[in-house]
Amino acid sequence: PADTDEFLVSDAGTIKRIDYSLIKASNTPAFFAISAADQSIANNTFVKLVLGTETLDSDAKFADSRFTPTVAGYYQLTAGTKIANVDSAEIAQITFYKNGSDYQFGKHYHQGNDTNGERFLSTSTFMYLDADDYVEVFVHHNEGAAQNAQAANTFFSGFRIIGV
């Protein structure tokens, strides 16, 4: 049905009309943002990913590399990036920050053998957000010198989970 289609409901014997838009389920707000350029990530520092290109922002809730839902509920969030030149002796990490602090769930930590020294990091979590909470994505590595988060592999997405 269209948002303006009407339904008749009985409220203790009184017939009322309501628009479909008031009762439909929707996984919004929803967003998908990507990086427009490679980003330098300093050694041993948690750096916020710059995600300047929005390919989806259903309710205009994503701005300045930050998601602020303004609608309380549970959200599915996913983020990823690729950092070159992090070899088997070093670590790389991607994590969500909620309201400016490292969020304990939805963190990906990588250390291990890799023949070409590139680390693709991705993470996903369910997170409860109040209307005024906000979420950002940070990355970290200890390669020894600044390394680039590659734009072609850097993204952040999310949507509200309905029915929860």
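The values are calculated or read from the model by the stated rules, or taken from the named source; none is laboratory data. It should be emphasised that the depicted structure is a prediction, and the values quoted were computed from it without experimental measurement. Here the Cβ is made from the backbone with ideal geometry for all residues, glycine too, and neighbour counts use every protein chain on show. Ligands, DNA and RNA are stripped out before the accessible areas are found, and what is left, the full protein with its side chains, is counted by its heavy atoms. Shrake-Rupley method; radii C 1.70, N 1.55, O 1.52, S 1.80 Å.
Modelled this way, with points 7 Å down the Cα-to-C-beta line, the labels at Val9 and Asn44 are 6.0 nm from one another.
Relative to the present Cα-Cα distance, how much length would full extension add between Leu22 and Leu56 at 0.36 nm per residue of separation?
Working: separation 34, 0.36 × 34 = 12.24 nm, distance 2.31 nm.
That pair, Leu22 and Leu56, stretches by 9.9 nm at full extension.
Computed over the chain with a Gaussian network model linking Cα atoms closer than 10 Å, the most mobile of Lys82, Lys24, Lys16 is Lys16.
From the coordinates of this entry, Rg and Dmax of the Cα atoms in Å is computed, and it appears in (i) 20.1, 73; (ii) 17.1, 54; (iii) 17.0, 59 under the label (i).
Taking only the Cα atoms of the stretch 85-163, the ratio Rg/Rh comes out at 1.02, with Rh defined as the Kirkwood radius.
Accessible area per residue for the chain, computed on protein heavy atoms with a 1.4 Å probe, is 52 Å². GNM remark for the chain: springs join alpha carbons under 10 Å apart, and the peak mean-square fluctuation among Leu22, Leu51, Leu77 falls on Leu22. In this entry, the stretch 48-136 is assigned a mean projected area of 6.3 nm², taken as a quarter of its C-alpha convex hull surface. Springs join every pair of Cα atoms under 10 Å in this Gaussian network model of the chain, and among Val50, Val139, Val71 the largest mean-square fluctuation is at Val71. In percent, rounded to a whole number, the relative contact order of the stretch 1-50 is 25, using alpha-carbon pairs under 8 Å and six or more apart.
Per residue, the convex hull spanned by the alpha carbons of the stretch 1-93 comes to 152 Å³. Here the chain has 49 percent of its accessible surface on carbon and sulfur atoms, given a 1.4 Å probe and all protein chains in place.
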